[in-house]
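Encoded as structure tokens, the structure appears first; notes follow it.
The values are calculated or read from the model by the stated rules, or taken from the named source; none is laboratory data. Just so it is clear, the model here is predicted, and its values are computed rather than measured. So basically every Cβ, Gly included, is an ideal-geometry build from the backbone, and we count neighbours across all protein chains shown. We work out accessible area using only protein heavy atoms, side chains counted, and drop any ligands, DNA or RNA first. Shrake-Rupley method; radii C 1.70, N 1.55, O 1.52, S 1.80 Å.
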Amino acid sequence: MAHMIEVQNLVKIYPDGTEAVRDISFDVDEGEFFGFLGPNGAGKSTTIKILITLLRKTSGDIRIIDMDITNQTDEIRRQIGYAAQEVGVDDDLTARENLVLQGQLYHMERNLLRRRTEELLELMDLTADAGRPAGSFSGGMRKRLDLATGVMHRPRPLFPDEPTTGLDPQNRANLWVYLERLNKQEKLTIFLTTHYMEEADKLCNRLAIIDNGQIKTMGSPRQLKQELGGDVIALRFAENAQSVDQQIGAACDVLRDAPFLMNLDRFDEGVNVYAQDGGAVVPEVLRLLDSTGLHVAQLSLTSPSLDDVFLKHTGYKIRDEGPAQNWRSQRGGAFGRRRRR
Ligand code: ADP
Ligand code: MG
């Protein structure tokens, strides 16, 4: 069967010369929960905007549901869903009215529209609040309503762009439940972007790590973590007579030839040491460091995480960009609100 999304050699250069997407290729299959994981400015939104036909590619071949994005734009637009970073619900309307309005925009038949509205209110746990104006909703509830409006017409696929950015950790984890429901119960193919490791790990069957407009690696979270092999001993250093950087350099020098070493990745504050059976080699690691007068400020022993995968393939650690932004401040971005009456 053809793929749901097929992207070959996609390039996007903005008019000002910014190379936002530099030759990326990937496929997404029907029913998959696929993710783009990358930091701010990686090219995630640019890719999504191209896939949903809001932005023109510079070059490359794209097929959505086996239709060519250049020739069959209108048909593709009818089929896809787009949940933007900007919440697209109307504050003055109730949750139910927002859904009905959306269904009317898609010319849904009356009975179907009514059924679909109640079904989605139920799926998103909004039935009890369906009669309240969306303006009175919390951030998490709005996101749920926004997702519901985005899937009224059963899009294939759905393209949520950083759907949980701006939510506090609890609401973020809460929204994951609803995204999973849409994927599993509605059998929706989802292409999601995020800069949260944990989110990608939890939700995605498969993901691509994107940085600087390029796909650095791709696979299932489990596969990507397994590729790193063994356990991770993370060593962190604190500034003393030597700078952190000097200590990291010295640690790399002394550990590089150790027989147990499978891999070594440095980051800003320390080094990841990969070894089979990490617990057994920790004493030896410490002994080696001690022999060169290095003092470890912090040591942790874990299985590889997506954080470690990201570090391996990009050479740095992704950071949470400070305190969560309020979703309201993100409004009216590139496209403003999705629709206005
Ligand atoms: P992400 O969604 O991963 O944060 P974007 O796709 O928004 O990344 O941006 C990728 C790169 O393209 C960034 O360097 C960004 O500054 C740049 N960019 C985004 N939109 C435009 C635009 N309209 N004109 C020029 N450069 C842009
Ligand atoms: Mg973005």
If R0 = 56 Å, then Arg78 and Ser291, at their Cβ-Cβ distance, give a FRET efficiency to the nearest 0.05 of 0.25
Could you give the alpha-carbon Rg of region 191-290 over 2.2 N^0.38 Å, rounded to two decimals? 1.27
Heavy-atom accessible area of Lys49, protein chains in place, probe 1.4 angstrom, given in Å² to nearest 10, is 40 Å²
How much length, in nm to one decimal, is gained on full extension between Glu198 and Ser138, taken as 0.36 nm per residue of separation minus their Cα-Cα distance? 19.3 nm
Grab the eigenvalues of the alpha-carbon gyration tensor for the chain, scale each by 5, take roots, and send me the semi-axes largest first in whole angstrom. 43, 22, 18
Carbon plus sulfur fraction of accessible area for region 1-94, probe 1.4 Å, in percent: 41 percent
First measure r as the distance between the Cβ atoms of Asp91 and Gln246, then evaluate 1/(1 + (r/R0)^6) with R0 = 45 Å and state the FRET efficiency to the nearest 0.05. 0.25
Determine the per residue accessible area of region 3-220 with all protein chains present and a 1.4 angstrom probe, expressed in square angstrom. 40 Å²
Mean ellipticity per residue at 222 nm, deg cm²/dmol - from DSSP H runs of n ≥ 4 across the chain, formula -39500 (n - 2.57): -10500 deg cm²/dmol
Going by average Cβ density within 10 Å per residue, which order do the peptides 122-128, 12-18, 71-77 take, highest to lowest? 122-128, 71-77, 12-18
With the 1.4 Å probe rolled over protein heavy atoms, region 230-303 has an accessible area per residue in Å² of 52 Å²
Along each principal axis, Cα extent of region 109-251, largest first, Å: 72, 32, 27
R0 = 25 Å: FRET efficiency of Asn9 with Lys184, Cβ-based, nearest 0.05? 0.20
Residue span Gln276 to Asp125: 0.36 nm per residue of separation minus Cα-Cα distance leaves a gain in nm of 49.9 nm
Roughly what would the spin-label model give for Asp66 and Glu239, points 7 Å off Cα along C-beta, in nm? 6.1 nm
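Sort Phe33, Phe260 from largest to smallest accessible area, using a 1.4 Å probe on the heavy atoms of the protein chains.
My answer, sorted largest first, is Phe260, Phe33.
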Leaving out ligands, DNA and RNA, what percent of the accessible area of region 230-303 is carbon and sulfur, probe 1.4 Å? 47 percent
